[in-house]
Amino acid sequence: MPNIPANQQSTALTRFPARQVWQAWGKLAPLAFAVLGTLYSIITPILEVSDEYLHYPVVHHIATTGKLPVQQPDIITDWQQEGSQPPLYYLLSAAATFWVDSTDYSAVYRLNPFRKLGLSHVPDNKNVLIHTEAEQFPWQNTVLAIHVNRLLSVALVTASIALAYQAAQIIVPDKPAVSALSAWMMATNPMLIFIGSSVNNDNLMILLGTWTLLLIIRIVGEGLTTRRSLTLALVLASASLTKLSGLTLVPLAALALAYDLIRRCEHKQSLYAAVFIIATGLGIAGWWYARNIMLYGEVSGLSTMLDIAGRREPGFYWLMAVGEWRGFWMSYWAWFGTLNITVDRPIYLFYAGISLISLAGVIVMIARYARTREMNRLVLYSFALLQVLITFAGVFRWTLQTHGSQGRLLFPAAAAVSLLMAGGIVELIPDTLRAAVLSLLTAINLVLAASIPFAYIQPAYALPHTVNQVPPEAISIQSAFNGLEIVAVTWDNNPPVEGGYAPVTLYLRASDTGSQQDNMHLSLSLMGESMEYLGGLYTYPGGGAYPVDLMPTNVIVEDYYRIYFASHPAPDNEIGLLISVQEWDPPVMTPVQGIFDNAVLTSGLLISDDGTVTPVSVDYVP
C-alpha cells in the first residue's frame, strides 16, 4: 500500500474505493433476489402464495384453450374474480408454458374445502390445496408449468430491482450508499420475495411500475426525448393491460410531462409525447376495454369483478378501513400463505423500527434539501413520493369497495418506497458509522429473508407426525369408520378465558381395508352438559393435509387441533368433546357409520370431562 499520510488516508479510502464498494454492493442486490426468489418458489408448496390458487387457473385456461375467461358472477370458476383482470401477465405466462402437458390439472388442483384463509392464529388447515407426492422434484405436467411460471415471476422482479437501482443512482449520484441500500431493501423484503416467487400479475406490475419511475426520473432530471416518450408510452400501455391499478401510473406520468413542459417550454415535444401515450394505449390495451364494454357493459369490468369477489358491507366507510392499517402494514413485510402465516413479534418490531427511523429520516432529508435549495433532488424525491401516494390512494379506494387491505398491493411502488426508506436511513447515520450500520442492517435483512421460508413457511405445511404408540395418558377410543380408525384422544377440557380454545390431539390410523372416501372428514365439537354447541371445526385428518384416501396406512398419525370456543361456557358447565366422521356432498354433510365396542355407531362419540366415551345420537352434528 502506498505511504499515504494519516490525515489523508480516510479521504483516499472514502472517495474512490468506497464508492466502488457501494456500487458493487448495489449491483449484487438483483442477484440476491434471484437466489432468494428461487428458494421461496421451491420451498413454498404450489399455489399457496396469497391468491396464486386463483391466478394460475387463468394461465391454465388460456394455455389450454387459447381463450380469455368470460366472467359470469353466477357461475363458480377456479379463477373466481381474477378472470376479470387485464390479461398481459397471463398471456405471457401461458406463452411460457403452453408446451407443458397439463392434462393432470384437475388432479393437482384439489382444493381443501376446510382451508382457513386469513386465520393466522389457527394451526390447522393452512393449506389451500391438498398436496401429494406428485409435486416432488423432478417436476412434471401441471406442477412443472406452475414452477416455470414462478421462475418467470422471479425474473420479472429481479429486473425490477435492477431498474430500481438505476433510478436511485440518478437521484443521488453522489450517494452510492443510498442507491445500494434501496436496492437491498427491496431485494430482501420477505413479502416481496414471497409474492415475487409466485404466479401473480402483481409481478409484471412491479416491473412496469419501477420502469415508469425510472423513466419519469430521467424525464424530470434530464429532459424528455423521443426515445423516452416512446418507451414511456409502451410501459404505460402495458401497465394498463396488466392490472386496472396500472392506470394510476398515467397521472404520475402526466405530472412529469407537465413539469418538463413548464421547465423547458418544449410544447411540440410534450404534445408528441402525449399523442404517443394515448395512441399506444389505445393500440395495445384499447381492445381489452372495448371487450369489457361488449361483455359486461362497462369499460373496466370492475363491477363484475366486485360481484364475484364480494363487496364491502353497506355502511363501510374510510374510517373503518383505517382500522385495518395493522394488517395492511404487516402484509407489506411478512404475512405469508393466504394471510394465515405470521412471524414472531420481534421480527415485526424490527421492521417497525426501520420503518419509523426511515420516516423520520425522510422528514429531516426533505427539510435539509428545502433549506439548502437543492431543488432538483427535492423534485426527484417528490416524484418518488407521489408514486407511493397515488398507488396508496388506488389501493385505499379498492379497500373501500372490497376486502383488500393488503400492503403487498403497494409493491408496484416498492422501488419508490425502498428509495425513500434508504434515503431517510442514510440521512440519520453519521458518515463515520455509515458503512458499519448499513452493512449490519443489510445482513439482518438478508438473514431474515433467507431464514423465514425454513422457520415459518415450510413448517406451516408440514405433515403431522407419526408415532409408534399413543401416550399413556390418552383416552382410548378404538373406533373404526370405513377404514379410518380413531385410536385415542387427549384434550384439555378446562373452561378457558373468553376467546380461548381447547387443545385436542387425535391419534388416527388408516387401514388398507375399508372404503375410504376422499370426502370423508372429521367433525370435532365442544358440547355443554345440555348438549349445547360451544365451538368446533370440520377438517380432513392431518390438520387438513390428509384426506382419508391419501393417509398412510397402518401407522398412527398424531393430529393436533385448537378448538376455539364460539361462546364462553359457564364456570360450572361440564364440557364434552363430540367426535364424528362425516361425508360431505355439498351442501349436505352425513355422519358416517362406525364400529365402537363391537356395536354400530350411527352418529358420534362423546368424550366427557372424566374421560368416559359414550356413543351418542344427536339431531344436529355441528
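The values are calculated or read from the model by the stated rules, or taken from the named source; none is laboratory data. Computed from a predicted model, the values in this text were never measured in an experiment. Every residue, glycine among them, receives a Cβ derived from its backbone with ideal geometry; neighbour counts consider all protein chains shown. The protein model used for the area step is the full one, side chains on, heavy atoms only, and it has no ligands, DNA or RNA in it. Shrake-Rupley method; radii C 1.70, N 1.55, O 1.52, S 1.80 Å.
Do we find that ILE366 is modelled with pLDDT of 95 or more and either of a type in the set (A, V, I, L, M) or touching a strand residue (DSSP E or B) at 6+ places or on another chain (Cβ under 9 Å) (or both) in this structure? It is false that ILE366 is modelled with pLDDT of 95 or more and either of a type in the set (A, V, I, L, M) or touching a strand residue (DSSP E or B) at 6+ places or on another chain (Cβ under 9 Å) (or both).
Screening VAL220 against (1) of a type outside the set (Phe, Trp, Tyr); (2) in contact with a helix residue (DSSP H, G or I) (Cβ under 9 Å, 6 or more places away or on another chain); (3) closer than 30 Å to VAL148 by Cα leaves a single unmet condition, (3).
Within the set ILE452, ILE444, the sole residue that is in contact with a strand residue (DSSP E or B) (Cβ under 9 Å, 6 or more places away or on another chain), over 29 Å from VAL600 (Cβ atoms) and either of a type in the set (Gly, Ala, Ser) or in contact (Cβ under 8 Å) with a residue 24 or more places away in the chain (or both) turns out to be ILE452. Within segment 123-138, being out of contact with any helix residue (DSSP H, G or I) (no Cβ under 7 Å at 6 or more places or on another chain) and surrounded by fewer than 20 Cβ atoms within 10 Å (Cβ to Cβ) holds for PRO123, GLU133, GLN136, PHE137, PRO138.
You will find that of SER160, SER182, the residue that is within 19 Å of the chain's Cα centre (by Cα), among the hydroxyl-bearing types (Ser, Thr, Tyr) and buried (at least 22 other Cβ atoms within 10 Å of the Cβ) is SER160 and no other.
Within segment 371-402, restricting attention to residues that are within 23 Å of LEU244 (Cβ to Cβ) and open to solvent by 70 Å² or more (accessible area, probe 1.4 Å), the residue that is nearest to the chain's Cα centre (by Cα) is PHE392. Which residue out of LEU230, LEU213 is modelled with pLDDT under 95, assigned to a helix (DSSP H, G or I) and more than 30 Å from THR432 (Cβ to Cβ)? The conditions single out LEU230. Consider segment 98-145 and keep the residues that are in contact (Cβ under 8 Å) with a residue 60 or more places away in the chain and outside any loop (DSSP other than H, G, I, E, B). The one that is nearest to the chain's Cα centre (by Cα) is LEU129. Taking segment 556-594 as the range and being open to solvent by 50 Å² or more (accessible area, probe 1.4 Å), among the acidic types (Asp, Glu) and either modelled with pLDDT of 75 or more or in contact with a helix residue (DSSP H, G or I) (Cβ under 9 Å, 6 or more places away or on another chain) (or both) as the test, the residues that pass are GLU558, GLU574, GLU583.
When segment 263-273 is filtered for residues that are assigned to a helix (DSSP H, G or I) and open to solvent by 40 Å² or more (accessible area, probe 1.4 Å), the ones remaining, listed by number, are ARG263, ARG264, HIS267, LYS268, GLN269, LEU271, TYR272.
The C-beta contact set for segment 197-224 (first residue farther than 21 Å from PRO30 by Cα, second residue polar (S, T, N, Q), distance under 7 angstrom, 6+ apart or interchain) comprises GLY221/ASN376; LEU224/GLN269; LEU224/SER270. Checking each residue in segment 51-64 for being open to solvent by less than 10 Å² (accessible area, probe 1.4 Å) and under 17 Å from LEU192 (Cβ atoms) picks out GLU52, HIS55.
Counting the residues of segment 114-141 that are closer than 16 Å to PRO541 by Cβ and in contact with a Gly (Cβ under 9 Å, 6 or more places away or on another chain) gives 9. Take the conditions (1) outside any loop (DSSP other than H, G, I, E, B); (2) over 18 Å from the mean Cα position of the chain (by Cα); TYR56 misses just one of them, which is (2).
Considering segment 446-482, the residues that are open to solvent by 90 Å² or more (accessible area, probe 1.4 Å) and of a type in the set (A, V, I, L, M, F, W, C) include one that is modelled with the lowest pLDDT, namely LEU463.
Residues in segment 98-113 that are among the aliphatic types (A, V, I, L, M) and open to solvent by 30 Å² or more (accessible area, probe 1.4 Å) were compared, and the one that is nearest to ILE146 (Cα to Cα) is ALA107. So which residues in segment 239-253 are open to solvent by less than 30 Å² (accessible area, probe 1.4 Å) and of a type outside the set (Lys, Arg), if there are any at all? If the condition is that a residue be open to solvent by less than 30 Å² (accessible area, probe 1.4 Å) and of a type outside the set (Lys, Arg), then ALA239, SER240, LEU241, THR242, GLY246, LEU249, LEU252, ALA253 are the ones that fit.
For segment 345-370, the set of residues classified as open to solvent by less than 70 Å² (accessible area, probe 1.4 Å) and within 30 Å of SER120 (Cα to Cα) consists of ILE347, TYR348, PHE350, TYR351, ALA352, GLY353, ILE354, SER355, SER358, listed by residue number. Filtered by the rule that a residue be surrounded by fewer than 16 Cβ atoms within 10 Å (Cβ to Cβ) and assigned to a helix (DSSP H, G or I), segment 421-434 gives LEU428, ASP431, THR432, LEU433. Filtering segment 276-335 to residues that are within 30 Å of ALA187 (Cα to Cα), of a type in the set (A, V, I, L, M) and surrounded by 13 or more Cβ atoms within 10 Å (Cβ to Cβ) leaves ALA321, MET330, ALA334. Only a single item in (1) open to solvent by 20 Å² or more (accessible area, probe 1.4 Å); (2) in contact (Cβ under 8 Å) with a residue 60 or more places away in the chain; (3) in contact with a Ser or Thr (Cβ under 6 Å, 6 or more places away or on another chain) is not met by VAL148, and it is number (2).
Scan segment 69-81 for residues that are without any contact (Cβ under 8 Å) to a residue 40 or more places away in the chain and either in a helix (DSSP H, G or I) or open to solvent by 40 Å² or more (accessible area, probe 1.4 Å) (or both) and jot them down. Of everything in segment 69-81, those that are without any contact (Cβ under 8 Å) to a residue 40 or more places away in the chain and either in a helix (DSSP H, G or I) or open to solvent by 40 Å² or more (accessible area, probe 1.4 Å) (or both) turn out to be GLN72, ASP74, ILE75, ILE76, ASP78.
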